[in-house]
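The values are calculated or read from the model by the stated rules, or taken from the named source; none is laboratory data. What you are looking at is a predicted structure, and each value in this text was computed from that prediction instead of being measured. As a convention, Cβ positions derive from the backbone with ideal geometry for all residues, glycine included, and neighbour counts pool all protein chains shown. Just the protein is used for accessible areas: all its heavy atoms, side chains included, with ligands, DNA and RNA removed. Shrake-Rupley method; radii C 1.70, N 1.55, O 1.52, S 1.80 Å.
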Amino acid sequence: MESSCSNSSSMIFRSPYPDVEIPDISLTPFVLQQASVLGEKPALIDEASGRTLTYRQLEREVRSVASSLARRGFNKGDVLALLSPNLPEYAVAFLAVSLLGGVNTTINPLCTAGEIEKQLRDSSAKYLVTTPALLEKAFEAAASRKVQDVFLFGGTTAETATPFGNLLEGNGQIPEVKINPREDVVALPYSSGTTGLPKGVMLTHRNLVANMRQMDAAGHIGPEDTLAGVLPFFHIYGMVVVLNHALYKGATIVCMARFDLDQFLRVLQDYGVTYAHLVPPIVLALANHPDIEKYRLSKLRMIMSGAAPLSPEIAARCAQRLGCAIKQGYGMTETSPVTHLSPEDPHRIKLGSVGPCVSNTECKIVDPATGVELGANQKGEILVRGPQVTKGYLNRPDATAQVIDAQGWLRTGDIGYADEDCFFYIVDRVKELIKYKGLQVAPAELEAVLLSHPSIADAAVIPSLDQEAGEVPKAFLVLKSQASAEEIMQFVASRVAPYKKIRRIEFVEQIPKSPSGKILRRVLVERDRAGIGKK
């Protein structure tokens, strides 16, 4: 890996990894290109039941479900919503929709019925797939929308939902669909971007295929690997880096429907997991686990941490305790997601760094106030450009224009710098997003809920540092009538998914704002970190 970016006169940092060829192919044929050769090799294993899908079965079931959906009138451009924890069938549904030129919109199972309904409405979802445990709120959310059918993973008794198993009875005959990989959207996850409410991120077939090829050049996983599928597949990290990339590479994924630390360690041990994609809160829990030595983890060779910054100290402690290497990557939903990836060679990993930018990717660092381009070891906002960058936000050209300029540069909203070896470090954030255990929480969404409380006159929400979660939502509130912090937190908790809950409150006389009325969050963040006021 030769450095070619540190002396760039144009201030553009280019990838030291070699460029890769990106095939002009749609997602499902790309992911399943080795399936017939791999045959009986396990592709996906359900940790809870031991149920296994081989590569041959996976390919057959994808075609069966696609043919069944096509017979039911699911056409190119139609949207299917996935509301489910990690299961082998998640991959079947996702790849079947892709095969028909359809769009997968993935929903966090922790969302409330109201939040689900908003995404179904915004994405114009035609079908919804869920599980028995989520069926009640799925029906509540779908009732007011034009969702034509609700399918049920692992269910046969619901009178008003169609068992997903019915779709497996298809004959495998797929209508001819002309997919333009560069233009046709295959995934529609929701992200807050650099600010505001969640928006549908339009990711094309080429976006995802490009990103998987870009990971190849950095050295990653292969058919000899077994992965822990603990990161949720609805999240871009689990969706692309784990689920689709692992299947494309011929690895085996052990699907975990929920995270439990000791159960996770048993999965690592019992299945001989070699590669674990994690987020910093899990790395911290592993580093601090009192009985880690009880588990036989000799096959684990690498932990890949992403979705939020990981401190060098925690990384080193975790690596030492588990006896494996640990590296970081960086990206965002809008970049499919990977833009930076540390090398696979443990001797070349720099703890605390997310690595250099991946193949076919350029980066700039600019002064957030002036837009002036900066050089190595100068901190500024990171901008990226490459084939993995989204075509934009669904029905939001205004929001798209705010983050992607005419030259294709995407503002990440993160502050960082590159060292003399082109390794990047993320040190702060321009954007307002809160990262709770790697999950996005939009301050604007919580502020809207808070302002619906009759006792609240004004509200601002910021990320407050937390050792376990990374960041938690903290609200600064101006009251117009008496209300307790506990009452307000309960009010919000009843209206949002658990990870979005307000966990700290500070009552203030006024919210600092600019002359135009914009909340000065940086002032509140500095106040919080200085420990001023009542927490």
Discussion item. Quick check on the range 230-244. Is at least one of its residues open to solvent by 10 Å² or more (accessible area, probe 1.4 Å) and among the aromatic types (Phe, Trp, Tyr)?
Written reply: yes
Item to complete: Out of Thr130, Thr160, Thr204, report the one residue that is of a type outside the set (D, E, K, R) and under 30 Å from Asp428 (Cα atoms).
Response: Thr204
Discussion item. Which residue is farthest from the chain's Cα centre (by Cα), if the candidates are limited to the range 309-329 and must be over 14 Å from His277 (Cβ atoms) and not in a helix (DSSP H, G or I)?
Written reply: Gly323
Fill in: Single condition Ala483 does not satisfy, out of (1) modelled with pLDDT of 90 or more; (2) within 24 Å of Lys435 (Cβ to Cβ)
(2)
Worksheet entry | Hits in the range 47-82 (condition: open to solvent by less than 10 Å² (accessible area, probe 1.4 Å) and not aliphatic (A, V, I, L, M)) | Tyr55, Ser67, Ser68, Phe74
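Among the strands (runs of 3 or more DSSP E) lying completely within the range 435-508, list those that include at least 3 residues that are under 19 Å from the mean Cα position of the chain (by Cα) and under 28 Å from Gly331 (Cβ atoms).
Filter on the range 435-508 gives 439-441, 470-479.
Residue by residue, here is whether (1) more than 24 Å from the chain's Cα centre (by Cα); (2) on the phi > 0 side of the Ramachandran plot; (3) open to solvent by less than 40 Å² (accessible area, probe 1.4 Å) holds:
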| residue | (1), (2), (3) |
| --- | --- |
| Ala307 | no, yes, yes |
| Met332 | no, no, yes |
| Thr335 | no, no, yes |
| Val354 | no, no, yes |
| Val358 | no, no, yes |
| Pro368 | yes, no, no |
Practice prompt. Please tell me if Tyr17 is modelled with pLDDT under 95, among the hydroxyl-bearing types (Ser, Thr, Tyr), touching a strand residue (DSSP E or B) at 6+ places or on another chain (Cβ under 9 Å) and not in a strand (DSSP E or B).
Written response: yes
Worksheet item: Which of the residues that make up the range 421-434 are part of a loop (DSSP other than H, G, I, E, B) and open to solvent by less than 20 Å² (accessible area, probe 1.4 Å)?
Response: Cys422, Phe423, Leu433
Worksheet item: Taking the range 272-288, which residues are surrounded by fewer than 18 Cβ atoms within 10 Å (Cβ to Cβ) and either among the β-branched types (Val, Ile, Thr) or in a loop (DSSP other than H, G, I, E, B) (or both)?
Response: Gly272
Worksheet, complete the sentence: Residues of the range 309-330 being in contact with a His (Cβ under 9 Å, 6 or more places away or on another chain) and buried (at least 23 other Cβ atoms within 10 Å of the Cβ), in sequence order, are Gln328, Gly329, Tyr330
Worksheet item: For the range 289-305, how many residues are in contact with a Ser or Thr (Cβ under 7 Å, 6 or more places away or on another chain) and either of a type in the set (Val, Ile, Thr) or open to solvent by 20 Å² or more (accessible area, probe 1.4 Å) (or both)?
Response: 2
Worksheet entry | Every pair of residues 6+ apart whose Cβ atoms lie under 9 Å, when the first sits in the range 394-416 and is over 18 Å from Ser336 (Cα atoms) and open to solvent by less than 10 Å² (accessible area, probe 1.4 Å) while the second is small (Gly, Ala, Ser) and at pLDDT below 95 | Gly416/Gly380
Practice prompt. Please list, ordered by first then second residue, the pairs with beta carbon atoms under 9 Å, 6 or more apart or interchain, first in the range 445-456 and β-branched (Val, Ile, Thr), second modelled with pLDDT under 90 and surrounded by 19 or more Cβ atoms within 10 Å (Cβ to Cβ).
Written response: none
Fill in: Residue count, the range 337-352 (criterion: buried (at least 24 other Cβ atoms within 10 Å of the Cβ) and either among the charged types (D, E, K, R) or not in a loop (DSSP other than H, G, I, E, B) (or both))
4
Response to the item:
(1) open to solvent by less than 50 Å² (accessible area, probe 1.4 Å); (2) modelled with pLDDT of 95 or more all hold for Lys501 apart from (1)
Discussion item. Which pairs turn up if I take residues in the range 200-225 that are among the basic types (Lys, Arg) and look for partners that are assigned to a helix (DSSP H, G or I) with beta carbon separation below 7 Å, at least 6 apart in sequence or on another chain?
Written reply: none
Worksheet item: Within the range 370-393, how many residues are within 17 Å of Lys431 (Cα to Cα), in a strand (DSSP E or B) and open to solvent by 40 Å² or more (accessible area, probe 1.4 Å)?
Response: 0
Discussion item. I'd like the residue in the range 138-192 that is hydroxyl-bearing (Ser, Thr, Tyr) and in a loop (DSSP other than H, G, I, E, B) and, out of all such residues, is surrounded by the most Cβ atoms within 10 Å (Cβ to Cβ).
Written reply: Ser192
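Take the range 219-228 and flag every residue that is buried (at least 24 other Cβ atoms within 10 Å of the Cβ) and not in a loop (DSSP other than H, G, I, E, B). Even if it seems obvious, please write down each step before you answer.
Filtering the range 219-228 down to residues buried (at least 24 other Cβ atoms within 10 Å of the Cβ) leaves 221, 227-228.
Leu227, Ala228, listed by residue number.
When only residues in the range 229-254 that are in a loop (DSSP other than H, G, I, E, B) and in contact with a Gly (Cβ under 9 Å, 6 or more places away or on another chain) count, which is nearest to Asn104 (Cα to Cα)?
First, pick out the residues of the range 229-254 that are in a loop (DSSP other than H, G, I, E, B): 230-235, 250-251.
Checking which are in contact with a Gly (Cβ under 9 Å, 6 or more places away or on another chain) leaves us with 230-232, 235, 250-251.
On the way: Val230: 20, Leu231: 18, Pro232: 15, His235: 12, Gly250: 22, Ala251: 23 Å.
Of everything passing the filter in the range 229-254, His235 is nearest to Asn104 (Cα to Cα).
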